[in-house]
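Here's the structure we're looking at; comments come further down.
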Amino acid sequence: MQQSQKPLRIAVIGAGIVGAATAWELIKVGHAVTLIEPDEPGGPQAASYGNGAWISPASIIPMSMPGLWRKVPGYLLDPSGPLVLRWTALPSLAPWLLRFLAAGWTGQKVEHTAGVLASILGDGPQRHALLAEEIGRPDLIRRTGLLYAYRDREAFEEEGLAWRLRKDNGLQWRELESEELRRREPDLSPGYRFGVLVEDGAYCADPGAYVAAIVQAVCARGGVLVRAHADGFVLANGRLKAVTTDRGQVDCDRAVICGGIRSKALARAAGDRVMLVSERGYHGVIASPQAGPRFPIMPSDGRMANTPTAAGLRLAGQVELTHVDAEPDWSRVEILVQHALKTYPALGPRERLKVERWMGHRPSTPDGRPVIGASSASPDIFHAFGHGHVGLASGPITGRIIADLVAGKDAPVDIRPFAVSRFSRSRWRMASGAT
Ligand SMILES: Cc1cc2nc3c(=O)[nH]c(=O)nc-3n(C[C@H](O)[C@H](O)[C@H](O)COP(=O)(O)OP(=O)(O)OC[C@H]3O[C@@H](n4cnc5c(N)ncnc54)[C@H](O)[C@@H]3O)c2cc1C
């Protein structure tokens, strides 16, 4: 086993994919790791349970793109689209939304974000394959490639900016004409006549089981799982002594905040105000489907992942901007199911389908970049949250970055774009050009 110079007691707060992968990287180099998590690791409370399961080096395109602001009224008024914004949440979301729109205001800003995301997504499939191998579950990561399905080549070309950015960042793909698309995916509606196959892409066959298996592997190596809710830090002269929880203190030398959408309060306790909202998303899983994709597909007109998982065909997507604790709107799952019925005509009829429903929280920053790095209150407390739409894919590299920071080594990528300081008022003024 590779050893760090000095083993430390490290508390990792939150056991979603980011916390689990971080705990694994830390325990591998010899640290004493305590995972603090109130619920079952890999359970439905976490975004890591219900996501689209895609590990895509192509997911570098930020949500906020030039001209998006023109579509905002439609998002407020059309309840059936892939993105919905609830009126009641508008006042509390406004500061985040303004900064979100500013982040994609110009092509230059979007290019920058795409480059930053490419740095943490480019080798995601390889990192996951290695992690799955190390924990003894190589079966969970499938390197089959990922397919983007379009109505025709024109529809693909309408997304020219996105694919140009992918190309500029080194992504390679294969274009499939109608016949080849049909050969690969015989159940796909003939209405899709063009495909883009990202051969390097991978997916996870069961994201919840994967997280649980990583945590199990951490515990098998001597890590400890404490079932508690973390709520603060004990510091002495700026150095960390313990994490406080509803079940008492966890004494430690370092702590990592990996609480997904719930990280905001912990970041505040570590001296940092962050802009983090839930882009709520949904999935429906169709058990034992009669038809569907052989491999993961994203039908471009549906903006959703169709992934053949262990439990059945998972349809994951939708972005709902509203209060984090608002009741789920299950009609969003029905939108996903109805789209799938059109995408795979042999799947239906609807009344025969048994659909498991889930809603979860993408922990999203307005600039689409996670928050990774030391906190303001103490060099011993690290942030590792805010991975938005790409937290599954970028979980392992986040763990690697944190392990390197703890060791005082250079991270594998430039981490300046992930610094929490970008949320400070003066930085915001400079970045946005506001006065
Ligand atoms: C519909 C949907 C589809 C998605 N599709 C994809 C995809 O295909 N590919 C991809 O890469 N990403 C995808 N994502 C995003 C991805 O799921 C998230 O970015 C990722 O799961 C975030 O992981 P996390 O570990 O930061 O947070 P979570 O998975 O939410 O885990 C956080 C954990 O912290 C615990 N916690 C919270 N507060 C505390 C506390 N105070 N003390 C202790 N523990 C605490 C929680 O109980 C939870 O278990 C999708 C998300 C959604 C919603």
- Considering region 62-99 alone, what residues qualify as being farther than 23 Å from residue 16 by Cβ, in a loop (DSSP other than H, G, I, E, B) and within 16 Å of the ligand (Cβ to nearest atom)? 81, 82
- Item | Hey, residue 340 among the aliphatic types (A, V, I, L, M), touching a residue at least 40 places away in the same chain (Cβ under 8 Å), farther than 14 Å from residue 52 by Cβ and within 15 Å of the ligand (Cβ to nearest atom) or not | no
- Note on the structure: Among helices (runs of 4 or more DSSP H) entirely inside region 132-214, those with 1 or more residues being buried (at least 19 other Cβ atoms within 10 Å of the Cβ), without any contact (Cβ under 8 Å) to a residue 24 or more places away in the chain and aliphatic (A, V, I, L, M) are none
- Would you point out the residue of region 24-37, among those that are over 12 Å from residue 224 (Cβ atoms) and surrounded by fewer than 18 Cβ atoms within 10 Å (Cβ to Cβ), that is farthest from the ligand (Cβ to nearest atom)? 30
- Message: Checking the condition closer than 30 Å to residue 215 by Cα, within 11 Å of the ligand (Cβ to nearest atom) and out of contact with any strand residue (DSSP E or B) (no Cβ under 7 Å at 6 or more places or on another chain), which residue from 21, 11 passes?
- Response: 21
- If you check 332, 357, 362, which single one turns out to be within 22 Å of residue 265 (Cβ to Cβ) and crowded, with 16+ Cβ neighbours inside 10 Å? 362
- Restricting the search to region 227-261, which residues are over 28 Å from the mean Cα position of the chain (by Cα) and within 11 Å of the ligand (Cβ to nearest atom)? 247
- Note on the structure: Checked pairs for region 377-398, first within 19 Å of residue 58 (Cα to Cα) and within 7 Å of the ligand (Cβ to nearest atom), second modelled with pLDDT of 95 or more and assigned to a strand (DSSP E or B), C-beta under 6 Å and 6 or more apart or across chains, list as 388/362; 388/364; 389/362; 393/55; 394/387
- Message: Let me confirm something: among 4, 56, which residue is at pLDDT below 95 and either crowded, with 24+ Cβ neighbours inside 10 Å or touching a helix residue (DSSP H, G or I) at 6+ places or on another chain (Cβ under 9 Å) (or both)?
- Response: 4
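The values are calculated or read from the model by the stated rules, or taken from the named source; none is laboratory data. Model, not experiment: these values are computed from the prediction. Cβ atoms come from the backbone with ideal geometry, glycine included; neighbour counts cover every protein chain shown.
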